[in-house]
Amino acid sequence: MLISADNGAKSMDQISELPGQFRNVGIAEEQAVGMACGHALEGRRVWIYAIDPFITLRCLEFVKLDMCAMNLPITALGVGAGYAYDIMGPTHHAVGVIAAMRVWPNLTIWSPADNMTAEALAEISYNHNGPQYIRFDRGYLPNLYENNKIDFCSGVGLACKGKDVAIISTGVMVHQACRVADQLEEKGVSARVIDLFRLKPINQNFLFQYLEGVDKVVTLEEDFLAGGMGSAIAEVFVDNDYRKPLLRIGQRDTFVFDLGGREVIWKKYGLDVESVTQKILNWT
């Protein structure tokens, strides 16, 4: 069962024509979650689809109670992670969402960085019995694992190899991290890029395996630092007494009202390739 909150896409046309398996509730995301709860209680697996901050932050109490507290097989699909809806302003910016969503028990959170991972999540989400949240970017992202064998159920992938410093990232910023790694290589620093495409629960065993051999660790995210991916990694380090220096790079504590597009936002707030590269060089 797919429930949309007035969102459409060409790929959804074939789904919307399936008898009894598609509903559009209009601009009423809370209603989408409530309806999904009813269908799930009747034995269906349900996906709800809307712009990312609308299906998460706008519906937070419904997500908490209807999805997570009842531990139902409902998957929230949010399109437009981070600043994907750049010029639309704070209403459409999906920042602070990781912090808001990862606190709820039973919820699994995915953040694919390429089409290969997104495709794998179709079957993974179908086979999972509990609530899930998958955050998609808005545009096309090139594949990271096209020629590699990877277990997508692991939640962690190696996007770039390196030996001096590891950059842990998620979503679109994995590609940004790979570009940063190229810049660092020119400066004599070998950077490894780790794609954390399952944000909760973090696969600690795989993560620590991918961190073997590096001296320092950086987290890079297109989100607020408070409670985001970097905070989750810091918690894992502290809870496991894992003693490697950690630098968190992300959005500082301010709303973004700037126009000009995503690249402009990245540059102004220090998330562009040059700024991130320099921060790491100054730190290492």
From the list Leu247, Leu207, Leu158, exactly one residue is in a helix (DSSP H, G or I) and not assigned by TED's automatic domain parsing to the domain that holds Thr108. Which is it?
Leu207
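This table checks each residue for (1) part of a loop (DSSP other than H, G, I, E, B); (2) crowded, with 22+ Cβ neighbours inside 10 Å; (3) not aromatic (Phe, Trp, Tyr).
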site: Asp6; (1), (2), (3): yes, no, yes
site: Pro19; (1), (2), (3): yes, no, yes
site: Gly26; (1), (2), (3): yes, no, yes
site: Ala32; (1), (2), (3): no, yes, yes
site: Lys64; (1), (2), (3): no, no, yes
site: Met67; (1), (2), (3): no, yes, yes
site: Ala76; (1), (2), (3): no, yes, yes
site: Ala99; (1), (2), (3): no, no, yes
Filtering region 1-35 for residues that are in contact with a helix residue (DSSP H, G or I) (Cβ under 8 Å, 6 or more places away or on another chain) and of a type in the set (A, V, I, L, M) leaves a count of 7
Please find, within region 174-229, the residue that is nearest to Ala159 (Cα to Cα) out of those that are free of Cβ contacts under 8 Å to residues at least 40 places away in the same chain and charged (D, E, K, R).
Arg192
Determine if region 247-270 includes at least one residue that is surrounded by fewer than 16 Cβ atoms within 10 Å (Cβ to Cβ), in contact with a strand residue (DSSP E or B) (Cβ under 9 Å, 6 or more places away or on another chain), among the charged types (D, E, K, R) and farther than 21 Å from Cys178 by Cα.
yes
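The values are calculated or read from the model by the stated rules, or taken from the named source; none is laboratory data. Worth saying up front: this structure is predicted, and the values here are computed from it rather than measured. So basically every Cβ, Gly included, is an ideal-geometry build from the backbone, and we count neighbours across all protein chains shown.
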